[in-house]
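Below is one structure, written out as structure tokens, with a few remarks after it.
The values are calculated or read from the model by the stated rules, or taken from the named source; none is laboratory data. From a predicted model like this one, the values you see are computed outputs, not experimental measurements. Every residue, glycine as well, gets a Cβ built from its backbone with ideal geometry; the counts of neighbours run over all protein chains shown. Calculation scope for accessible area: heavy atoms of the full protein, side chains included, ligands and nucleic acids excluded. Shrake-Rupley method; radii C 1.70, N 1.55, O 1.52, S 1.80 Å.
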Amino acid sequence: MESIQVIGNKCVGCRSCEQVCPKLCIQIKANKEGFLYPDVDENLCVRCGICAKHCPAAIGMQRAGEGCGNIGMQDRYADERKPLKAFGLKNKNQEQLFHSASGGASDVLARAVVNEGGSVFGCAWSPELKAEHVEIIREDELWKIQSSKYVQSDTGNTYSLVKERLNEGKKVLFTGTPCQVAGLYAFLGGKNYDNLYTIDLICHGVPSPKLLEKYFAYLEDVMGEKIETYNFRSKEKRGWGTQYRYRAETENKKRTGLSVFDKYGAHFKKGDCYRECCYQCDYANLSRRGDITVGDFWGIDSVNSKFSSPMGVPSLLINTEKGLELMSKIKNRAEIVEVSVESVCLKQGNLREPAGRPDDRDTFYEQIDEADFVKNLKVELQMKERIKAIIPRAVTVGLKRILTHR
């Protein structure tokens, strides 16, 4: 059996291989671009193949007939889940809704699990503003994993912690990108845990943590103070919409702006800074990995204008019976409307195909170790984006409604 390193650029950086290795010979390290990849100590490796059997990328390659040997994949964590139902949702709690990226779907689902004594795993900022998966067991700490972080989250040892909690008989909700959810199922080796619930997010692709670290250093230089909090999806001035607004705060200062004009946000939108596997993503389709898929409900104004909200509406694809069970627990916490799967997919291209790979991706990270790397990044906007950034959301929503009912 070859080492896990033959996976190459298909690796999603989930850390499953590292946590299952019986010889502890795999370390996850950042490459030059700042993305996490496995590094195998060949002197300790005994070619047992356990890492490949628990690697979502290796399982996907075998299913596609791309080699990786006979790793004995199990259908339980390599199956294809198709949406059973679709919903739009709004959290009834206005404070929770305000601090969520859209309508607070993940948050309200997480509260249902925590209130039953369960554990929730999701992405939070560390004190050093690094995106890391953490375990939450108290409702008053769920704010830590609210809102989106547009970077690759480090799962750390959370797969092992999830397994511990499941074996203790606790209910567990794991939220992450589809590849992180696939990595969890691969790590668990196909065992069916009735007390495990999963949410996968509609993902466009992930920039590297190193790029974000450089970006924060650039902002701190501009602001003259250390950044203490950062929000990629602030609703403070424009509410919810496609024109994301970031907010950076230091002890004494606050800086806000439209992401399309921002050094980091503009390149996230352009997609020239993603991890290589994002451009060949196995999960950018309707064959979902989570029990529930959550994302922004772009197009809700056309589908159900009465349900639209300036504070945000997420879409939920319910992919399993366990997903339906979890949904039944939140009826008193949220307003819910059933919609068609097609209406959810209409403006979510990553439910159909992966993000395109711009030619600029070849050279994007070449100068990342230079001191002025972020400062020298260019922000190139099409006229359409500039106009959208200026027009208030209420005007664009009104125009859409008029055009829809013509």
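Some values worked out for this structure:
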quantity	calculated
Extended-chain gain in nm, criterion 0.36 nm per residue less alpha-carbon gap, D362 and I336	5.0 nm
Extension gain, K378 back to E116 (0.36 nm per residue minus Cα-Cα distance, nm)	89.5 nm
Accessible area (Å², 1.4 Å probe, nearest 10) - E380	130 Å²
Neighbour net charge for I28 - beta-carbon separation under 12 angstrom, K R +1, D E -1	-1
Packing rank of 25-35, 287-297, where each peptide gets the mean count of other beta carbons within 10 Å, highest leading	287-297, 25-35
Gain in span if fully extended, N9 to K144, counting 0.36 nm per residue against the direct Cα distance	45.5 nm
Debye log10 I(q)/I(0) at q = 0.14, 0.18, 0.24 Å⁻¹ for the stretch 198-305, Cα point scatterers	-0.72, -1.06, -1.35
Net dipole in debye of the stretch 123-221 [+1 Lys, Arg Cβ; -1 Asp, Glu Cβ; about Cα centre; nearest 20]	300 debye
When each of K170/K254; K53/K82; K29/K254; K171/K347; K210/K253 is checked by Cα-Cα distance, pairs over 31 Å	K170/K254; K29/K254; K171/K347
Size of charge dipole - the stretch 338-381 - debye, nearest 20, with Cβ of Lys, Arg +1 and Asp, Glu -1, no other charges	200 debye
Proximal charge balance of A355 [Cβ under 12 Å; K/R count +1, D/E count -1]	+3
Subset of K263/K306; K32/K163; K10/K149; K32/K263 violating a 24 Å alpha-carbon distance limit	K263/K306; K32/K163
Average accessible area per residue (Å²) across the stretch 105-204 - probe 1.4 Å, nucleic acids and ligands excluded	35 Å²
Simple label model, 7 Å out from Cα along Cβ direction - N157 to D221, nm	3.7 nm
Under 17 Å from the K191 label point (7 Å along Cα→beta-carbon), backbone N, the stretch 151-178	158-174
Charge-dipole axis of the stretch 291-378 as Lys and Arg at +1 and Asp and Glu at -1 on Cβ define it, positive-most pick from I300, I318, I336	I336
Rounded to the nearest 20 debye, dipole of the stretch 247-340 from Cβ charges on Lys, Arg, Asp, Glu	340 debye
Model label zone, R255; criterion: amide N under 11 Å from point 7 Å along Cα-to-beta-carbon; scope the stretch 264-284	264
Estimated FRET transfer efficiency when R0 is 30 angstrom, pair L84-M311 (beta carbons, to 0.05)	0.65
Percent accessible area from carbon and sulfur atoms, the stretch 330-380, protein chains only, probe 1.4 Å	42 percent
Alpha carbon Rg of the stretch 148-235, scaled by the compact-globule rule 2.2 N^0.38 Å	1.39
